């Protein structure tokens, strides 16, 4: 079945460090890919999405590029801030079965001041 | 932005009892979802609901689970009877349409079954 793999469970960085969170997916066709962010005590909220190969999604300094060749949608930010500390989820909505979103396990980002 | 509300935020019940989790979705949304997240694990899809019907459900959506949205009020998830393994945070979400459309999530209901 369709799946999303995030390799980093926890990431600890200092402010102004460069961030990469890896996301690879398995799905047929052209799924829509999402990055969600979840702050403590809240539900996930959408950062951005991308629906076709080479499309770049971005928001609040975060960005990711849809790469069908490598089936990846890695999240990057050039300079993280303490306020970016949260759990980040990569997710997909398959083009053949779009009634649900399949989430990765999530990556807990800790940014130290 | 649009908000999804969930009531209650915490619920503690004894195994075998019935529990109803309530969700107040975004007002013009038509699609509703429940997800389950066991502590420390990923969020997993339970069920999708549209136009009064379950569109799709996962294998986690056991026979003891049911969903409804009577007369456009709360979208509810009922578990009867509850089991120990039902302890988790349950997130409700809603969306205007399906597929590429953003799902808006509530803050979750933490259910503890003793």
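The values are calculated or read from the model by the stated rules, or taken from the named source; none is laboratory data. Note that the structure is predicted; figures quoted are calculated from it, not measured. Neighbour counts are summed over all protein chains in view; Cβ atoms, including those assigned to glycine, are modelled from backbone coordinates with ideal geometry.
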Would you point out the residue of the stretch B:31-50, among those that are touching a strand residue (DSSP E or B) at 6+ places or on another chain (Cβ under 9 Å) and surrounded by fewer than 15 Cβ atoms within 10 Å (Cβ to Cβ), that is nearest to residue A:3 (Cα to Cα)?
B:41
Considering the stretch A:74-113, residues that are within 14 Å of chain B (Cβ to nearest Cβ) and in a loop (DSSP other than H, G, I, E, B), and then whichever is surrounded by the fewest Cβ atoms within 10 Å (Cβ to Cβ), we arrive at A:96
Failed criterion for residue B:23 (all others in (1) under 25 Å from residue A:33 (Cβ atoms); (2) within 12 Å of chain A (Cβ to nearest Cβ) hold)
(1)
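To keep it simple, each residue is scored yes or no on (1) closer than 25 Å to residue A:88 by Cα; (2) modelled with pLDDT under 90.
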{"site": "B:5", "(1), (2)": "yes, no"}
{"site": "B:12", "(1), (2)": "no, no"}
{"site": "B:15", "(1), (2)": "no, no"}
{"site": "B:21", "(1), (2)": "no, no"}
{"site": "B:31", "(1), (2)": "yes, no"}
{"site": "B:40", "(1), (2)": "yes, yes"}
{"site": "B:71", "(1), (2)": "no, yes"}
{"site": "B:74", "(1), (2)": "no, no"}
{"site": "B:85", "(1), (2)": "no, no"}
The number of residues in the stretch A:41-56 that are over 18 Å from residue A:6 (Cα atoms) and either touching a helix residue (DSSP H, G or I) at 6+ places or on another chain (Cβ under 6 Å) or more than 10 Å from chain B (Cβ to nearest Cβ) (or both) is 5
What strands (runs of 3 or more DSSP E), lying completely within the stretch B:17-114, carry at least 1 residues that are free of Cβ contacts under 8 Å to residues at least 60 places away in the same chain?
B:19-24, B:31-37, B:43-50, B:53-57, B:65-68, B:75-79, B:88-95
